[in-house]
Amino acid sequence: MNEDILLELNNLTVSLRQDKEMIPVVSGINMSISRRKIVGLVGESGCGKSMTAKSINHILPSIARVTDGRILWHEDNGSVTDLAALSEKDIRRRCGTDIAMVFQEPMSSLNPMMCIGNQIKEVLMIHKLERDPVKARQKVIQMLADVGIPEPELRYRSFPHELSGGMRQRIMIAMAMIGSPKLLIADEPTTALDVSIESQILRLIRKMCDTYSMSALIITHNMGVVSALCDYVYVMYLGTIMEQAPVGELFKNPLHPYTKGLLSSIPKIEGNPEFLSTIPGTIPMKRTTFKGCEFCLRCSDDIKKCFFEKAGLKKVNADHYVRCHVV
Ligand SMILES: Nc1ncnc2c1ncn2[C@@H]1O[C@H](COP(=O)(O)OP(=O)(O)OP(=O)(O)O)[C@@H](O)[C@H]1O
Ligand SMILES: [Mg+2]
């Protein structure tokens, strides 16, 4: 066993109830996040990224359920806990202190009626991390300063609507960090921000991971975010991991036609401004009966076998795996 692993998803399957049938939207994925590493999960809209993340801390929508697999948390004492098997009470206890989450749109996660300082302080009080309200307030002010909020003592009393989008996302990061979690899950943390604020927020997440020796799972559809922030990346298509590799290796040597499509969709300054490369077609509906590769209907490299048989995950290089018959 690798001692440095913090979280492992083991054959994780998440299904949605539809007409009395359970349709898998995440199909038996394996993933591991090492301590102090930033892992990216990338894929188009609807491919199952958020379902994967929400299954970790039990916040799936009511029609979704983990139907198979395990979510293994490696404790500091060497024991392993299956988070999927924990009761709601036990998982709540871990949220904020072991695992914290930052979402795409901070306005929908913040309480508009409460000043931001007290919202962050609540995390300390609820988890009994600080019982003294004066010390708790000091810790919040320090955290606001750490995430780059100017005049943190003054800002403590601000309400969410008084802050810019970038500042609100910093507040969400402060709220996530105040319980010193071991894992930060950030679901599209910069999608709602403009590019200059995006790069500031990405730098902040990197700094927080380094300062607090924290791991992170970054969910995004943006390969630029992956290259700027992550150490390792999983490429997901229709609930299946198609390719996984260290980030440098993936960008240098992408092998799956879907990964190549995602990378060639990044606009290039020197390219022809009138021609933006795209992946043809759209994500189809998940079909439980389909035996072939999920991507074959959009793939230009497909062979006959792709329609009838799913490919296994093949090791092609150190830590680089791909699921494709053609590679
Ligand atoms: N509350 C819900 N009710 C019904 N279906 C849902 C619900 N949430 C997600 N789904 C479906 O589950 C599948 C996976 O959704 P998920 O939210 O994980 O995608 P995603 O990769 O996070 O996409 P995005 O990049 O748009 O956030 C999609 O087909 C989506 O339509
Ligand atoms: Mg999502």
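No value in this document is a laboratory result; all are computed from the given coordinates. All figures in this text were calculated on a predicted structure; none of them were measured in a lab. Glycine also receives a Cβ, built like all others from the backbone with ideal geometry; neighbour counts cover every protein chain displayed.
Here are a few things to note about the model shown:
- Label-to-label distance, LYS20 versus ASP82, with points set 7 angstrom from Cα along the beta-carbon direction: 2.9 nm.
- Neighbour-count ranking [beta-carbon atoms within 10 angstrom, fewest first] of LYS20, LYS207: LYS20, LYS207
- With neighbour counts taken as other beta-carbon atoms within 10 Å, the residues ILE149, ILE5 rank, fewest first, as ILE5, ILE149.
- Size descriptor, Kirkwood hydrodynamic radius, that averages inverse alpha-carbon separations across the chain, Å: 21.0
- With at most 10 neighbouring Cβ atoms within 10 Å, loop GluC sites (Glu not before Pro) (DSSP) excluded, longest segment of the chain: 4-269
- The loop-placed trypsin sites (Lys or Arg not before Pro) in segment 110-172, going by DSSP, that have at most 12 neighbouring Cβ atoms within 10 Å of their Cβ come out as LYS128, ARG131, ARG157.
- Using every pair of distinct Cα positions in segment 146-283, the Kirkwood expression returns a hydrodynamic radius of 17.0 angstrom.
- Whole-number D in µm²/s for segment 1-126 (Stokes-Einstein; Kirkwood sum over Cα pairs; 37 °C, 0.692 mPa s): 202
- Amide H to amide H, with H built 1.01 Å from N, THR240 comes under 5 Å of SER27, counting only residues 5 or more places away or on other chains.
- Mean-position separation - Cα centroids, segment 125-170 and segment 223-256, in angstrom: 34
- Cross-link reach list, lysines versus LYS252, counting only Cα pairs under 23 Å and skipping chain neighbours closer than eight places: LYS37, LYS260, LYS268, LYS314, LYS315
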